[in-house]
Amino acid sequence: MSQIIYLTQEGFAKLQDELKYLQTEKRQDIAEKLKEAISYWDLSENSEYEEARNEQAQVELRITEIEDQLKRVEIIKEENKKGLVKKVSMWMVVMLEDVSENFQEEYKIVGTTEADILAKPAKISNESPLWKMLLWKKKWESFELKNKAWEWSEYKVIDFK
């Protein structure tokens with residue numbers, strides 16, 4: 001049985017857009033590169049032809065990957081629109097305070113395919129250790145987690161929405 005892929009509506013749309021781009025514009029671009037490379041005749045020592053074929057293989061692999069993901073997607077709707085949820089759950093934006101280092105940071109909990117630690121707020125996977133510690137925590141509840149230096153740090157849930 002295939003694993004379910006959890007996505008926000010935004011992540012689902014982004015995946016669909018990428019698939020459409022690859023199937024139309026990118027395939028056409030590669031076809032033009034192949035046509036031009038073939039016009040040089042000798043394919044045995046034609047680096048342009050080899051590059052275009054490699055690019056074509058990568059694009060087709062990505063198309064297959066996206067199509068498979070889209071078959072297994074479950075779109076999760078944001079639950080806390082009216083502030084009714086009293087505990088941290090999927091797709092929320094959570095404000096955490098690192099008590100040990102005395103700083104605050106926001107994290108959005110997303111599916112694995114949407115994770116992006118450099119985004120603002122940082123998007124963390126629903127499979128990450130931080131998420132596993134955050135699940136079902138209430139406001140002002142604390143927990144400990146190893147930091148990047150493998151030292152234990154204390155975190156506190158400041159807010160979530």
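Being within 19 Å of residue 6 (Cα to Cα), surrounded by 13 or more Cβ atoms within 10 Å (Cβ to Cβ), in contact (Cβ under 8 Å) with a residue 60 or more places away in the chain and of a type outside the set (Ser, Thr, Tyr): is that true of residue 93 here? It is true that residue 93 is within 19 Å of residue 6 (Cα to Cα), surrounded by 13 or more Cβ atoms within 10 Å (Cβ to Cβ), in contact (Cβ under 8 Å) with a residue 60 or more places away in the chain and of a type outside the set (Ser, Thr, Tyr).
The set of residues from the stretch 121-161 being more than 20 Å from residue 110 (Cβ to Cβ) and of a type in the set (D, E, K, R) comprises 138, 139, 141, 144, 146, 148, 151, 154, 156. On the stretch given as the stretch 96-114, residues that are more than 12 Å from the chain's Cα centre (by Cα), surrounded by 15 or more Cβ atoms within 10 Å (Cβ to Cβ) and part of a loop (DSSP other than H, G, I, E, B) total 0. Of everything in the stretch 1-42 that is among the hydrophobic types (A, V, I, L, M, F, W, C) and touching a strand residue (DSSP E or B) at 6+ places or on another chain (Cβ under 6 Å), the residue that is surrounded by the most Cβ atoms within 10 Å (Cβ to Cβ) is 7. For the stretch 115-154, filtering for residues that are under 28 Å from residue 3 (Cβ atoms) and assigned to a strand (DSSP E or B) leaves 8.
Which residue pairs have Cβ atoms under 6 Å apart, sit 6 or more places apart or on different chains, and have a first residue in the stretch 128-145 that is over 24 Å from residue 113 (Cβ atoms) and a second that is of a type in the set (Lys, Arg) and surrounded by 13 or more Cβ atoms within 10 Å (Cβ to Cβ)? That search, which allows pairs on different chains as well, returns 138/87; 142/156. Looking only at residues that are of a type in the set (D, E, K, R) and loosely packed, with under 13 Cβ neighbours inside 10 Å in the stretch 119-160, which one is farthest from residue 8 (Cα to Cα)? The selected residue is 151.
Take the conditions in contact with an Asp or Glu (Cβ under 7 Å, 6 or more places away or on another chain) and basic (Lys, Arg) and apply them to residue 156. Does it pass? Against the criterion (in contact with an Asp or Glu (Cβ under 7 Å, 6 or more places away or on another chain) and basic (Lys, Arg)), residue 156 qualifies.
Bear in mind these aren't lab numbers, they're just calculated from the coordinates by the rules spelled out. Computed from a predicted model, the values in this text were never measured in an experiment. So basically every Cβ, Gly included, is an ideal-geometry build from the backbone, and we count neighbours across all protein chains shown.
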